[in-house]
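Asker: Okay, handing you the structure first.
The values are calculated or read from the model by the stated rules, or taken from the named source; none is laboratory data. Because the structure is predicted, anything quoted here is derived from the model rather than measured. Heads up, the Cβs are rebuilt from the backbone with ideal geometry, glycines too, and the neighbour counts pull from every protein chain shown.
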Amino acid sequence: MRKKFTILIGGEAGQGVAKTSLLFGKAFSRLGYYVFIYRDYPSLIRGGHNFDVITISNEPVFSQEDNYDLIIALDQNTINLHQENSKNGGFIIGNVGFGARQNRKIINLDLQKIISKIKGASSVFNNDILAGYLFKYFGLPLNPLLKASKDEFGGKQLLEKTIKKGYNLAKTEKKLFEPSSKRGKYFLSGSQAVGSGAIAAGIDIYIAYPITPATPVLHFLAARQAENNFSVLQLENEIAVANTALGASFGGAMTMIGTSGAGLSLMSEAMSMQGMSEIPLVVYLSQRTGPATGVPTYSSQGDLDLILNIGHGEFPRIVVAPGDPNETFLRTIEAFYLAYKYRLLSLLVLDKHLSESYFSFDKIDRPSVKPKRNILQKPPEDYKSYKIAKNGISPRAVPGQGPVVRATSYEHDEYGYTIEDQKTAVAMNNKRFAKLAYLKKEIDNLNPVSTYGRGKNLVIGWGSTKGAIIDSLPALPGVKFLQISYLSPFPARKVKQEIQRASNVILVENNVTGLLGKLIAQETGYQIKNKVLKYDSRPFSAGDVIKGVKKYIK
Amino acid sequence: MDIKKLSTKEKNTWCPGCLNNSIATATKFALSNLINKNAVKKKDVVIVTDIGCSSKVYDYIDVNAYYSLHGRALPPMLGIKAANPELTVIGFAGDGGTYNEGIAHLIHNARYNADMTLMVSNNQVFALTTGQETSTSEEGFKGPSTPAGVEDSPLNPVALALTAGATFVARACPLEFKQLEEIIEKAILHKGFSFIDILQPCLTFHNTIPFLQKHIYKLGDNFNRLDFGQAFKKAIEWDYDYKEKSKIALGIFYQIDKPTFQDKWINLKKAAYKVKRNVNWLKVVKEFQ
């Protein structure tokens, strides 16, 4: 039977909310539990209110819960803001002096007194005392917690001491349910999956300018460049990032850049340059709430139109949007594989919710493709950078190999010289679009759509809503979920098939106007009338999906 | 190497007599000398161009070439160098692309000090768009967008490049052809970011030949290129305005050795495409277990 235990941990920025939830996540995952962590933080460095919601289960869990069994309060404000959502029978733990409504159980620990007995410790260790305390409280062994702490924060003696102190203070009051029997789980975020996917794909250079929520990939890769012999560059602005990346890829490096919507807007001209020059490029986008600066540390799926249309002029592109970290790992590798095989732009699209949430999986799936730079071993003396081939893919060479290699923003002939005549302009446009037919066939073999559950009611979604929708299915009998992972080229035939099999279609999207719905109408002719749209800058919970979808179920 | 071997057969679309021809020819001579001396290999030369008259050279020199967007010559130059340190990267741009649209890239690439050369055909006018003012047009310049004359003071690119940290800063002019060729050769040989502001009279929209002929002079052989203070003093001797008493120095103002972008970088010391990667994906995800 499915069992869940949900913890909210909250406090001011800088009090260690994210650190503690990671510690729990890793430790519980090691113990064999499935864990999902949702992170909620405002745009500030110190103060304010951050909270993480950690759901622990004996069965897979992919989304955050709305109500909590336990609230770990690093400040009084956490209790004030969240006790409303504390479950019956739930409890709160916090410092001495913290208070809750009368009917809420609260455990007060005199953290200052406890800390004062540990030499060298200060209030920054409050959360570690609580972590140790809770592990004992639930009758869990200490070692997985210490090991997680060592993995995440290094083997700091003081940290270990503090966790042990908290552990020894507590008595086991309540046994947590048994974990799943499967051991060796993987616990990772979407950002970590993008970074790992890039490394597995064989990345040579990653370039970015800091922006929430894409920055974790910049940090992840920067920390791993030395041991893996690739390079991470932070440049002066997004325009430089995108144009430098095109230069790097032209120079022979497998290159990826990363940004969020505001940065992608600035990169628009370079995306167009990619279209004309046919220099392969992978772009990682983590969407946040727009327009403009919007609600910058929160989530949205509002950039779909931008991605599908970015860059002046017409050119084909690949848009792939995974729905969880396991899929993200695979899709990142596919994005490299396709960009470098077809000399195209691959846009890998996540959002804040997927990038920054942590999931556990029993295994990471084996990638089905192996990216290659696809550079000719010995390009011919009379090499043509834009040779017209039947499949539209001109074989790649790079500068330094011998023959002259060209890339250009102008319309050009096969050698890459500037042209203005009509005949060549038509031939080159046809060449660039000839790739599409081959690409579509290839994408058909990469599971561009997936279905979950059975029923005549078809819920359609893309990207990070996957977790909440899958978690909602047990409460929605007669509902089938269609996840669309490739948005360009669009798997129209498969989507149409699913729509035709259903008697009722419901769209679920984290945006204002139902952008996927518009795309489906454009590609299949089918207008979806039933729309569950959420645009309060927060992601769907399973509860939100159930409430929204139920209205339309037939 | 005969400079004919560095020329393509593409039709030249510069105006008759355009001094960009001289800049292209001087570059070919410089490259040919360097190739003959074995200092540069033709197969490793990459030219990167902006958009505008300066950048039409993309079609005329028979080496690896990248025709970028307006204002964006420097970013792909940096990318190419990062991907393959063995390449000789030379940029061609105009004052519009470098000092207007893409000025941030000039400042930051001067700081990064990657081993590459940027030549700016500074005709102090947007020529290909028919003669509007740029940020280096002199006060009083009249163009179709400024019929009453420009009221702003021009930007001083030599002073700017110096303060931004370029390790090789020069000013040249096709009217002093031999010197231009020598400066280009030295700029390419310099290990670090080389910047040459080339005063290039535009015969159609901004013919400054009479003024330049009267006011240019060459820096003497005893000019100390290692002295930043002296270089800066020389740089502000002329403010790019057209005044009766203007003295316009040509030559290398400043040249010092500093660690380059590649020296500072930990990885990819060789061409990325030669790095064999056989990544075991299971090992990559091991850290999440």
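Asker: Can you tell me which condition B:ASN21 does not meet? The list is (1) more than 18 Å from the chain's Cα centre (by Cα); (2) surrounded by fewer than 18 Cβ atoms within 10 Å (Cβ to Cβ), and all the others hold.
Answerer: Unmet condition: (1).
Asker: Return yes or no: is A:TYR284 more than 11 Å from every other protein chain (Cβ to nearest Cβ), touching a Pro at 6+ places or on another chain (Cβ under 9 Å), of a type in the set (Phe, Trp, Tyr) and at negative phi? Break it down stepwise before answering.
Answerer: Details: more than 11 Å from every other protein chain (Cβ to nearest Cβ): yes; touching a Pro at 6+ places or on another chain (Cβ under 9 Å): no; of a type in the set (Phe, Trp, Tyr): yes; at negative phi: yes.
Here the answer is no, as A:TYR284 does not meet what is asked.
Asker: Give B:ASN64, B:ASN33, B:ASN12 a once-over and let me know the one that is surrounded by fewer than 18 Cβ atoms within 10 Å (Cβ to Cβ) and modelled with pLDDT of 95 or more.
Answerer: Details: B:ASN64 fails: surrounded by fewer than 18 Cβ atoms within 10 Å (Cβ to Cβ); B:ASN33 fails: surrounded by fewer than 18 Cβ atoms within 10 Å (Cβ to Cβ).
Result: B:ASN12 is the single residue among B:ASN64, B:ASN33, B:ASN12 that is surrounded by fewer than 18 Cβ atoms within 10 Å (Cβ to Cβ) and modelled with pLDDT of 95 or more.
Asker: List the number of the failed condition for A:LEU306; all other conditions in (1) more than 12 Å from chain B (Cβ to nearest Cβ); (2) crowded, with 23+ Cβ neighbours inside 10 Å; (3) in a helix (DSSP H, G or I) hold.
Answerer: (2)
Asker: Something else: Say whether the condition of being under 15 Å from the mean Cα position of the chain (by Cα), touching a residue at least 40 places away in the same chain (Cβ under 8 Å), under 19 Å from A:TYR417 (Cα atoms) and outside any loop (DSSP other than H, G, I, E, B) is met by at least one residue in the range B:5-17.
Answerer: no
Asker: Please work out if B:ASN123 is within 19 Å of A:PRO399 (Cβ to Cβ), touching a helix residue (DSSP H, G or I) at 6+ places or on another chain (Cβ under 9 Å) and crowded, with 24+ Cβ neighbours inside 10 Å.
Answerer: Working: within 19 Å of A:PRO399 (Cβ to Cβ): no; touching a helix residue (DSSP H, G or I) at 6+ places or on another chain (Cβ under 9 Å): yes; crowded, with 24+ Cβ neighbours inside 10 Å: yes.
Answer is no for this residue.
Asker: Let me ask something else. Condition first: under 24 Å from A:SER360 (Cα atoms), in contact (Cβ under 8 Å) with a residue 60 or more places away in the chain and in a helix (DSSP H, G or I). Can you find one or more residues in the range A:445-466 that meet it?
Answerer: Checking the range A:445-466: at least one residue is under 24 Å from A:SER360 (Cα atoms), in contact (Cβ under 8 Å) with a residue 60 or more places away in the chain and in a helix (DSSP H, G or I).
Asker: Then there is this: In the set A:ALA542, A:ALA502, which member is within 21 Å of the chain's Cα centre (by Cα) and under 15 Å from A:TYR452 (Cβ atoms)?
Answerer: Numbers: A:ALA502 fails: within 21 Å of the chain's Cα centre (by Cα).
A:ALA542 is the lone residue from the list that is within 21 Å of the chain's Cα centre (by Cα) and under 15 Å from A:TYR452 (Cβ atoms).
Asker: So if I check each of B:THR136, B:THR130, which one is surrounded by fewer than 20 Cβ atoms within 10 Å (Cβ to Cβ) and not in a strand (DSSP E or B)? Spell out the reasoning first.
Answerer: On the way: B:THR136 fails: surrounded by fewer than 20 Cβ atoms within 10 Å (Cβ to Cβ).
None of the other options fit; the residue is B:THR130.
Asker: For the range B:259-284, enumerate the residues that are under 19 Å from A:GLY400 (Cα atoms), free of Cβ contacts under 8 Å to residues at least 12 places away in the same chain and either at the interface with chain A (Cβ under 8 Å from one of its Cβ atoms) or part of a helix (DSSP H, G or I) (or both). Walk me through it before giving the result.
Answerer: The first filter runs over the range B:259-284 and keeps only residues under 19 Å from A:GLY400 (Cα atoms), leaving B:262, B:268-276.
Going one step further and asking which of them are free of Cβ contacts under 8 Å to residues at least 12 places away in the same chain, we end up with B:274-276.
Hits for the range B:259-284 are B:LYS274, B:VAL275.
Asker: Pull up the range B:31-58, narrow it to residues that are of a type in the set (A, V, I, L, M) and part of a helix (DSSP H, G or I), then point me to the one that is nearest to B:GLY91 (Cα to Cα). Please lay out each step first, then the result.
Answerer: Of the range B:31-58, the ones of a type in the set (A, V, I, L, M) are B:31, B:34-35, B:39-40, B:45-48, B:51, B:57.
Right, trim to part of a helix (DSSP H, G or I) and you get B:31, B:34-35, B:57.
Details: B:LEU31: 13, B:LEU34: 17, B:ILE35: 18, B:VAL57: 10 Å.
Selected residue: B:VAL57.
Asker: Give A:GLU269, A:GLU227 a once-over and let me know the one that is part of a helix (DSSP H, G or I), under 30 Å from B:LYS270 (Cβ atoms), out of contact with any Phe, Trp or Tyr (no Cβ under 9 Å at 6 or more places or on another chain) and acidic (Asp, Glu). Step through it out loud before you land on a result.
Answerer: Details: A:GLU269 fails: under 30 Å from B:LYS270 (Cβ atoms).
Residue meeting the stated conditions: A:GLU227.
Asker: If I ask for residues that are surrounded by fewer than 24 Cβ atoms within 10 Å (Cβ to Cβ) and not in a helix (DSSP H, G or I), which ones from the range B:70-102 would you list?
Answerer: At the first step, the residues of the range B:70-102 found to be surrounded by fewer than 24 Cβ atoms within 10 Å (Cβ to Cβ) are B:70, B:85-86, B:100-101.
Result: B:HIS70, B:PRO85, B:GLU86.
Asker: Turning to a different aspect of this structure: Would you check which residues across the range A:219-246 are more than 7 Å from chain B (Cβ to nearest Cβ), of a type in the set (Gly, Ala, Ser) and farther than 17 Å from B:VAL48 by Cα and list them?
Answerer: Scanning the range A:219-246 gives A:ALA222, A:ALA223.
Asker: Can you go through A:ASN243, A:ASN237 and tell me which one is surrounded by fewer than 24 Cβ atoms within 10 Å (Cβ to Cβ) and not charged (D, E, K, R)?
Answerer: Details: A:ASN243 fails: surrounded by fewer than 24 Cβ atoms within 10 Å (Cβ to Cβ).
The unique qualifying residue is A:ASN237.
Asker: Something else: Please specify each residue of the range A:90-138 satisfying the condition of being assigned to a loop (DSSP other than H, G, I, E, B) and more than 25 Å from A:LYS174 (Cβ to Cβ).
Answerer: Quick first cut of the range A:90-138, residues assigned to a loop (DSSP other than H, G, I, E, B) only: A:96-104, A:110, A:117-122, A:138.
Residues satisfying the conditions are A:LYS117, A:ILE118, A:LYS119, A:GLY120, A:ALA121, A:SER122.
Asker: While we're on this one: Looking at A:LYS423, A:LYS352, which one is over 25 Å from B:GLY79 (Cα atoms) and either in contact (Cβ under 8 Å) with a residue 60 or more places away in the chain or facing chain B (nearest Cβ under 10 Å) (or both)? Walk me through it before giving the result.
Answerer: Numbers: A:LYS423 fails: either in contact (Cβ under 8 Å) with a residue 60 or more places away in the chain or facing chain B (nearest Cβ under 10 Å) (or both).
None of the other options fit; the residue is A:LYS352.
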